[in-house]
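Here is the structure we will look at, set down as structure tokens.
Read-outs throughout are calculated quantities, based only on the coordinates presented, and are distinct from any laboratory measurement. Quick caveat: nothing in here was measured; it's all calculated off a predicted structure. Backbone-built Cβ (ideal geometry, glycine too); neighbour counts: all protein chains shown.
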Amino acid sequence: MTNLNDIKQFLRDNPGYKKVGPDRLSNRLDCSYEMCRIALDEVKSEEKESEDLDNKNTNIISEFEKFLNMNEISSEDVTSVKFWQTQSGQPRFSVVTKNEKRPFEELKNEIEEFAARFSKRDDRMYPVIIGDPVMYEISLPDIHYGKLHDYSLEEIEQQFIGVINDLLVKASGLEIEKILLPIGNDGMNSEGMRQSTTKGTPQHDSAGWKETFRGYWHLMVEAIDVLKKVAPVHVIVVSGNHDYERMYYAGDVIAGWFRNDSSVTVDNCDESRKYFEYGENMLMFTHGDNEKPADMPLIMATEQPEMFARTTTREAHCGHFHKEQVNEYRGVKVRFIPSICPNDEWHKKMGYAAKRAGQAYIWNKSRGLEGYLQCNVT
């Protein structure tokens, strides 16, 4: 059972399981811990809203009975009633009486109907926008696949796919028409056989260069296969300072793998900076180790002048630092995105400690960035 609605229906049919934790529910239904936690929270919230509504209706009926007593009106003489509330929430009634008598039970039902209608208007303060598609950008830079640390390659792969799935579950209420997946940004820890960065800084890898190259692109293919079940996927290949050459090779392998799949496109062009346009949004992707952040708006306008002119929301997304940093220059946000990569011994010794997190950004065609969702890795 992997569908969130199915889990919620199970909880309604088996109320005893609402008292257990997501761990036990996950074992019982053989589904993810995170999905069970969300289902429990939503079912409990729905029950609380229902109780609040019943209490509100009961209070209104009680107030109406007091109103009739104070005005010495028999409920049997009431033929119609109007109900409203003041700004402070006080109930008000307007009653019409005639010789024609109506049963009190019928009158009570009428009051309940008025109360229910008012409660619905009160609960929904803002209109719900229906048919408003978005692009969902899942950005997980700097995983440094093959890096030597406390985790095996298999554990890193499980964490990566786990973050992908978690971000999809959290976005279940969105109408996603496209998924944007930047990959690379130091996707691999070294250039391979020489076990160093592109410029020659020595690196400690946990496996051989053939195993890490094949393992990395297999992992990306698995992630794309998961994402394309939700919406068409556009992959942007970004080379880093650790894997500038090998990331280009991996990008070509992935492009070849999906060459006959209409739901997947891959941008592995020769340029180090990649661009993507979605409605009023312009996005630039670069690793962020070469350009000065304050220069990025001018770089964007110079390299893509027509796209720059067509758009109103512009951001540059970078990796490299393994932690979140956001600055704005001339109306263009430059965003350094956090990483899920664990620290190795050298980073621990130097005292570096960044929060491991994966983020996904919600892009509306006309309104720009509407927020992001985050998965923390512990």
Worksheet item: Where Lys and Arg each count +1 and Asp and Glu each count -1, what net charge lies around Val230 among other residues with Cβ under 15 Å from its Cβ?
Response: -3
Response to the item:
Output ordering of 364-374, 140-150 (per-residue mean of other Cβ within 10 Å, highest first) is 140-150, 364-374
Fill in: Too-long pairs where the Cα-Cα distance tops 25 Å, listed order kept, from Lys19/Lys170; Lys8/Lys178; Lys147/Lys199; Lys8/Lys170
Lys8/Lys178
Worksheet item: Cβ under 15 Å from Lys8's Cβ, Lys8 left aside: what net charge do those residues give with Lys, Arg +1 and Asp, Glu -1?
Response: -2
Item to complete: Specify whether the C-alpha gyration tensor of the range 191-289 places it in the rounded, prolate or oblate class, a ≥ b ≥ c being the square roots of the eigenvalues: rounded for a/c under 1.5, otherwise prolate if a/b is larger than b/c and oblate if not.
Response: oblate
Worksheet item: Can you list, largest first and rounded to whole Å, the semi-axes you get for the range 225-378 by taking the square root of 5 times each eigenvalue of its Cα gyration tensor?
Response: 24, 22, 17
Item to complete: Give me the distance between the Cα centres of the range 241-264 and the range 303-378, rounded to whole Å.
Response: 22 Å
Response to the item:
Here the gain from full extension of Asp13 to Asp289, 0.36 nm per residue of separation minus their alpha-carbon distance, amounts to 93.9 nm
Worksheet item: Stretched out fully, how many nm does the piece from His218 to Ile61 gain, at 0.36 nm a residue minus the Cα gap?
Response: 50.1 nm
Worksheet item: To the nearest 0.05, what FRET efficiency results for Ser80 and Glu280 with a Förster distance of 45 Å applied to their C-beta separation?
Response: 0.30
Discussion item. How much length would be gained if the chain were fully extended between Asp252 and Leu4, taking 0.36 nm per residue of separation minus their Cα-Cα distance, in nm to one decimal?
Written reply: 85.6 nm
Worksheet, complete the sentence: The simple spin-label model distance between Lys355 and Ala301, using points 7 Å out along Cα→Cβ, in nm, is 3.4 nm
Discussion item. Using DSSP to call loops (not H, G, I, E or B), can you name the GluC sites (Glu not before Pro) in the range 248-295 whose Cβ has at most 12 other Cβ atoms within 10 angstrom?
Written reply: Glu271
Practice prompt. Please sort by residue number the chymotrypsin sites (Phe, Trp or Tyr not before Pro) in the range 9-50 whose DSSP state is loop and whose Cβ has at most 10 other Cβ atoms within 10 Å.
Written response: none
